[in-house]
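Heads up: the structure comes next, in structure tokens.
The values are calculated or read from the model by the stated rules, or taken from the named source; none is laboratory data. Please read all numbers here as calculations on a predicted model, not as lab measurements. Every residue, glycine as well, gets a Cβ built from its backbone with ideal geometry; the counts of neighbours run over all protein chains shown. Areas reflect the complete protein model, heavy atoms only, side chains present, ligands, DNA and RNA absent. Shrake-Rupley method; radii C 1.70, N 1.55, O 1.52, S 1.80 Å.
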Protein chains: 6
Amino acid sequence: MTTKPLQATALDLPMVDPLPDSTRKYFDVCMEKLGLIPNVLKAYAFDIAKLDAFTGMYNDLMLGDSGLSKLEREMIAVVVSSINRCWYCQVAHGAAVRKLSGNPALGEAMVMNYRAAELTARQRAMLDFAAKLTTTSHEVEEDDRAALRHAGFDDRDIFDIASVTGFFNMTNRVASAIDMRPNEEYHAQAR
Amino acid sequence: MTTKPLQATALDLPMVDPLPDSTRKYFDVCMEKLGLIPNVLKAYAFDIAKLDAFTGMYNDLMLGDSGLSKLEREMIAVVVSSINRCWYCQVAHGAAVRKLSGNPALGEAMVMNYRAAELTARQRAMLDFAAKLTTTSHEVEEDDRAALRHAGFDDRDIFDIASVTGFFNMTNRVASAIDMRPNEEYHAQAR
Amino acid sequence: MTTKPLQATALDLPMVDPLPDSTRKYFDVCMEKLGLIPNVLKAYAFDIAKLDAFTGMYNDLMLGDSGLSKLEREMIAVVVSSINRCWYCQVAHGAAVRKLSGNPALGEAMVMNYRAAELTARQRAMLDFAAKLTTTSHEVEEDDRAALRHAGFDDRDIFDIASVTGFFNMTNRVASAIDMRPNEEYHAQAR
Amino acid sequence: MTTKPLQATALDLPMVDPLPDSTRKYFDVCMEKLGLIPNVLKAYAFDIAKLDAFTGMYNDLMLGDSGLSKLEREMIAVVVSSINRCWYCQVAHGAAVRKLSGNPALGEAMVMNYRAAELTARQRAMLDFAAKLTTTSHEVEEDDRAALRHAGFDDRDIFDIASVTGFFNMTNRVASAIDMRPNEEYHAQAR
Amino acid sequence: MTTKPLQATALDLPMVDPLPDSTRKYFDVCMEKLGLIPNVLKAYAFDIAKLDAFTGMYNDLMLGDSGLSKLEREMIAVVVSSINRCWYCQVAHGAAVRKLSGNPALGEAMVMNYRAAELTARQRAMLDFAAKLTTTSHEVEEDDRAALRHAGFDDRDIFDIASVTGFFNMTNRVASAIDMRPNEEYHAQAR
Amino acid sequence: MTTKPLQATALDLPMVDPLPDSTRKYFDVCMEKLGLIPNVLKAYAFDIAKLDAFTGMYNDLMLGDSGLSKLEREMIAVVVSSINRCWYCQVAHGAAVRKLSGNPALGEAMVMNYRAAELTARQRAMLDFAAKLTTTSHEVEEDDRAALRHAGFDDRDIFDIASVTGFFNMTNRVASAIDMRPNEEYHAQAR
């Protein structure tokens, strides 16, 4: 790990050049707010329709209205990515958990074993559901939804837990398939 | 299985009423082309932003330009859904494989065990990659991409194989989480 | 899958020629009742003692007296074969479930994920036992038998559930080991 | 384990009484040759048709003509039963391996981890095939059969390896399902 | 398995020569008490510091003061070694269970499937904990400790169950890594 | 995770009081060199013989003479602990990898997925062996040792790789069994 790869992924798919205005503006906003352009965006930018479909779904799920807080959604993201051992997503979203919670150890626990964290009953039910949906989705049944309802989630919340869990099961696999590499800046953030 | 559930899922999330014009038109096109409105669309229609994000990504991936034929993309869809044992996706996309290939047995083999099908070397490499990415994505490495290249796929194709595999790993989990039920019409199609 | 293999299996073990009278009569009955001679019989017919031992056990188990209906026995057959992903047995016995139930979707659900079917409590208990016995037989204990008794099964029924589950765990492996190919006629039956 | 159960299994299925003459003679032969009546026979003797189907298949497979020696067939039996952790079959067939080989350590190695035994290339190929067929039968393909042929087995031998492996995958499950208990005499035999 | 390997392991790491006095005395005690010098000691004797660290921990754990009887500790040893399929440890500690219990069948059951043994509730709870800690340690939580307390174990006992389970998860892996071979004398002991 | 537990573990096993002089000195050295007394030492300090056996083996393995560098041994420690998802060991030894390498990302990669790190062929072979020994030790055979030799390791090195891998498979399980909690100071070290 002495020298860092310069490319965002193992594939030779350069970004559209020049980028359309709307994309350039989106990247500028990232630079301003995050101090970096996440490599996942560069990875998709060889095809603007694909990039827009990805960011459209991402922004709705992770930043849009929901009964789940942004921290809760990021906790799901990291637990799913930890089960799938996705390098990119654990690094990037682990940083997000540290930042949003102000609790570096929480970010680490989501990566290492969420069962070791001191969680509320609501958080634990949410992460247990996400973990089961990730490892053995074909065994998820009414009892599992009932456990979420018992923990205080309504049907819209269940949809959102399912959607965030599903989304990271998608991106984990895309990232692993193409060897997506996280921006180095994430490692030191919010420690 | 004597009486069929009337709802598209186990959640009580009714469709927006009335549907916006653009959605109604989209549903009309489905009715015309497929003879049905896929329940997955009804499941998302409680929130038009989510529905549009889903259909945007779906249409780009499964119907847009690609080095993979539509049949190849549907074959990946079924193999992934079979590993995850997703009832909705195996039914709906199994029908698509039968229709697109004109070979009912091929649709069944994708559901039951793709290794039993007589496949071209290209198809087999593609499905082996999709299967590994579904079950043990953290072990996918350069050798796996090399096997795809050896079978004739270029980097854009690899991106598309990864994206379709990832997408169904998402939708399989959303469908299982909310008990999404396939439209009955699929079962008898293209047998 | 464009051209179909002519042989019943990957092994070069031709049928005894001429077949003994009793075997020929048995095959004639199959032709009459089923419209085909199941390839599994052709696969065993290189040795009439083996064929007779197989058909003897099969006919006793699947067609003989039992507290389980023929449909229930076929449902077990397909669920076991689905877990083991046996191409031959899923095709042949999936057709049997469709025929006996008059419910094509039930046959598909046994193949795809029996948990998605609307089952009676009795059927569900029976299939849960068969599934556990297939995947982790060493963990089956008195509690599992108690669950069957609670669902209304007596000790003879338990023996039959165990025997049918065991039998398909055998034939699935023989079929996969020698690449047994299902008769094409099955695919379109009872859709 | 201080007191031994008197029944052959956990089910209340007493033997037919009186036993038919042919069965009594068969049991007498067992007593003479083995010094005991294997509990598996008592377990099936509540229904003579089932007992005869079982012994018919067993005797053909394990004692009939084959390119595999009786020791080789028993080695497969124990390796399969070890993977499935079947108490009855490991005890009874472990004793058979010790007896037939005159090598107590070989019987133990088949139970504990066949990879630790010093095996011929032929034996190793045979047991590797049996192990794969037991754990992941859906991944057995032409390459696996080729490995057996390379080790000197012909197509009839492959059929027999498959059949013995399949048979014990059946009986292991029947035995675990009904808690079949091995005759105590086996433990001390041929140590 | 016709000829026995002369070396204790697959590595070429000869014992220190001459052995220090304290080691020689220790080996003499083994010879006197056990009739053999366990090969595991010879395997470590290329480095006396490593040998002493190993025997120090072993003797404290397996022979020192504890709320667990020596037989209970050996039962854990065999169950763990059976899950990990360690040839050396199953042979050596299986013999210890037979000797300490005077019950050969109990030794076999620990190797083959501890669930088949007739155990006290205390023994069963202890072995269930050891088995879970061996296969899925990351899922062990307060409920699992509560089950041990409910079966009569105190916190010191729990520490000892954890330590013995941990220790054999270590030695199983060292033994498998270097192909450690059990002394032949074990096989016939206490049958 | 708002309030931190004060105890080192979930068990009520207080440290010997007063500690013997030698232990107090050892703890003073820890305080001086590490700025903390690792909770694992406090967990064992209810029984000084157990503490000494543990530290004796630990110090020999991790700090003693070896063909493996201290960093390499810590890399093994983290990869093993990551597979077992041990909270304590990933936190404590992840910090050690960051410190010894001066490369925070390397420490994270060992926790998240070592395959994503840019490793030398020697490091990769070492970690692949450790991973296989952790997950499927019963399948480790001569070929695996040959791969280590091919990567430049000699027999003594192989012993050390096996021993470090084994040791963390032990401590991971002890830590998970008793809910051992890492000192908070580790999280921010060497980021």
(request) Consider F:Phe168 carefully, then state whether it is in a loop (DSSP other than H, G, I, E, B) and either open to solvent by 10 Å² or more (accessible area, probe 1.4 Å) or not acidic (Asp, Glu) (or both). (result) no
(request) Would you mind stating whether C:Ala190 is in contact with a helix residue (DSSP H, G or I) (Cβ under 7 Å, 6 or more places away or on another chain) and more than 8 Å from chain D (Cβ to nearest Cβ)? (result) yes
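Report yes if F:Leu61 is hydrophobic (A, V, I, L, M, F, W, C) and closer than 30 Å to B:Glu142 by Cβ, otherwise no.
Working: hydrophobic (A, V, I, L, M, F, W, C): yes; closer than 30 Å to B:Glu142 by Cβ: no.
It is false that F:Leu61 is hydrophobic (A, V, I, L, M, F, W, C) and closer than 30 Å to B:Glu142 by Cβ.
Can we say B:Gly35 is in contact (Cβ under 8 Å) with a residue 40 or more places away in the chain, open to solvent by 30 Å² or more (accessible area, probe 1.4 Å) and among the small types (Gly, Ala, Ser)? Write out each step before concluding.
Numbers: in contact (Cβ under 8 Å) with a residue 40 or more places away in the chain: yes; open to solvent by 30 Å² or more (accessible area, probe 1.4 Å): yes; among the small types (Gly, Ala, Ser): yes.
Taking the combined requirement at face value, the residue satisfies it.
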(message) Among the residues of segment B:38-47, are any within 13 Å of another protein chain (Cβ to nearest Cβ), acidic (Asp, Glu) and open to solvent by 50 Å² or more (accessible area, probe 1.4 Å)?
(response) no
(message) The conditions are (1) buried (at least 21 other Cβ atoms within 10 Å of the Cβ); (2) within 30 Å of D:Asp157 (Cα to Cα); (3) of a type in the set (Val, Ile, Thr), and C:Ile161 fails exactly one of them. Which is it?
(response) (2)
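Just for segment A:48-74: of the residues that are over 21 Å from B:Phe167 (Cα atoms) and of a type in the set (A, V, I, L, M), which one is farthest from the other protein chains (Cβ to nearest Cβ)?
Going through segment A:48-74, the residues over 21 Å from B:Phe167 (Cα atoms) turn out to be A:65-72.
Now narrow it down to the ones that are of a type in the set (A, V, I, L, M): A:68, A:71.
On the way: A:Leu68: 14, A:Leu71: 12 Å.
Taking the candidates together, the pick is A:Leu68.
Looking only at segment C:102-117, count every residue that is surrounded by fewer than 19 Cβ atoms within 10 Å (Cβ to Cβ) and of a type in the set (Gly, Ala, Ser) and tell me the total. Explain how you work it out, then say what you get.
Let us first name the residues in segment C:102-117 that are surrounded by fewer than 19 Cβ atoms within 10 Å (Cβ to Cβ), namely C:102-103.
Adding the requirement that they be of a type in the set (Gly, Ala, Ser) leaves C:102.
Number of matching residues: 1.
Among the residues of segment B:4-18, is there at least one that is surrounded by fewer than 15 Cβ atoms within 10 Å (Cβ to Cβ) and either within 23 Å of C:Val111 (Cβ to Cβ) or in contact with a Pro (Cβ under 8 Å, 6 or more places away or on another chain) (or both)?
In the first step, residues of segment B:4-18 are kept if they are surrounded by fewer than 15 Cβ atoms within 10 Å (Cβ to Cβ); the result is B:4-6, B:12, B:14, B:16-18.
Filter again for either within 23 Å of C:Val111 (Cβ to Cβ) or in contact with a Pro (Cβ under 8 Å, 6 or more places away or on another chain) (or both), leaving B:4-5.
Yes, segment B:4-18 contains a residue that is surrounded by fewer than 15 Cβ atoms within 10 Å (Cβ to Cβ) and either within 23 Å of C:Val111 (Cβ to Cβ) or in contact with a Pro (Cβ under 8 Å, 6 or more places away or on another chain) (or both).
Residues of segment E:135-148 being more than 10 Å from every other protein chain (Cβ to nearest Cβ) and either under 11 Å from F:Ala10 (Cβ atoms) or touching a Pro at 6+ places or on another chain (Cβ under 7 Å) (or both), which ones?
So the first thing to find is which residues in segment E:135-148 are more than 10 Å from every other protein chain (Cβ to nearest Cβ), and the list is E:135, E:143, E:146-147.
Across segment E:135-148, the qualifying residue is only E:Ala146.
Counting only residues that are buried (at least 21 other Cβ atoms within 10 Å of the Cβ) and not aromatic (Phe, Trp, Tyr), which one in segment A:118-130 is farthest from E:Thr136 (Cα to Cα)? It would help to see each step written out before you state the result.
Quick first cut of segment A:118-130, residues buried (at least 21 other Cβ atoms within 10 Å of the Cβ) only: A:126-127, A:129-130.
If we keep only those that are not aromatic (Phe, Trp, Tyr) as well, we get A:126-127, A:130.
On the way: A:Met126: 21, A:Leu127: 18, A:Ala130: 18 Å.
Only one residue tops the list, namely A:Met126.
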(request) Please specify each residue of segment C:48-61 satisfying the condition of being buried (at least 19 other Cβ atoms within 10 Å of the Cβ) and within 11 Å of the chain's Cα centre (by Cα). (result) C:Leu61
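If you go through segment A:8-32 one residue at a time, how many are away from every other protein chain (no Cβ under 14 Å) and free of Cβ contacts under 8 Å to residues at least 12 places away in the same chain? Explain how you work it out, then say what you get.
So in segment A:8-32, the residues away from every other protein chain (no Cβ under 14 Å) come out as A:17-32.
From the residues that got through so far, the ones that are free of Cβ contacts under 8 Å to residues at least 12 places away in the same chain too are A:17-18, A:21-22, A:24-25, A:28-32.
Total meeting the criteria: 11.
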(request) Scan segment F:177-190 and give yes if some residue there is aromatic (Phe, Trp, Tyr) and under 20 Å from the mean Cα position of the chain (by Cα), otherwise no. (result) yes
(message) Which of the numbered conditions does A:Leu71 fail, given that it passes all the others? Conditions: (1) of a type outside the set (S, T, N, Q); (2) open to solvent by less than 10 Å² (accessible area, probe 1.4 Å); (3) under 22 Å from B:Lys50 (Cα atoms).
(response) (2)
(message) Tell me whether segment D:86-107 contains one or more residues that are within 14 Å of chain C (Cβ to nearest Cβ), among the hydroxyl-bearing types (Ser, Thr, Tyr) and touching a residue at least 24 places away in the same chain (Cβ under 8 Å).
(response) yes
(message) Anything in segment C:45-93 that is within 21 Å of C:Gln189 (Cβ to Cβ) and among the aromatic types (Phe, Trp, Tyr)? List them, or say none.
(response) C:Tyr58, C:Trp87, C:Tyr88
(message) What are the pairs with Cβ atoms under 6 angstrom where one residue, in segment E:165-183, is more than 7 Å from every other protein chain (Cβ to nearest Cβ) and more than 18 Å from E:Ala96 (Cβ to Cβ) and the other, located anywhere, is not in a helix (DSSP H, G or I) and not hydroxyl-bearing (Ser, Thr, Tyr)? Sequence gap at least six, or different chains.
(response) E:Asp179/E:Ala10
(message) What are the pairs with Cβ atoms under 6 angstrom where one residue, in segment B:131-157, is at positive phi and surrounded by fewer than 17 Cβ atoms within 10 Å (Cβ to Cβ) and the other, located anywhere, is modelled with pLDDT of 95 or more and part of a helix (DSSP H, G or I)? Sequence gap at least six, or different chains.
(response) B:Gly152/B:Arg122
(message) All but one of (1) among the charged types (D, E, K, R); (2) farther than 30 Å from B:Ala45 by Cα; (3) part of a loop (DSSP other than H, G, I, E, B) hold for B:Arg181; state the number of the condition that does not hold.
(response) (2)
(message) Between a residue in segment D:43-54 that is in contact (Cβ under 8 Å) with a residue 60 or more places away in the chain and any residue that is not polar (S, T, N, Q), which pairs come within a Cβ distance under 6 Å, given they are 6 or more apart or on different chains?
(response) D:Ala43/D:Ala8; D:Ala43/D:Met180
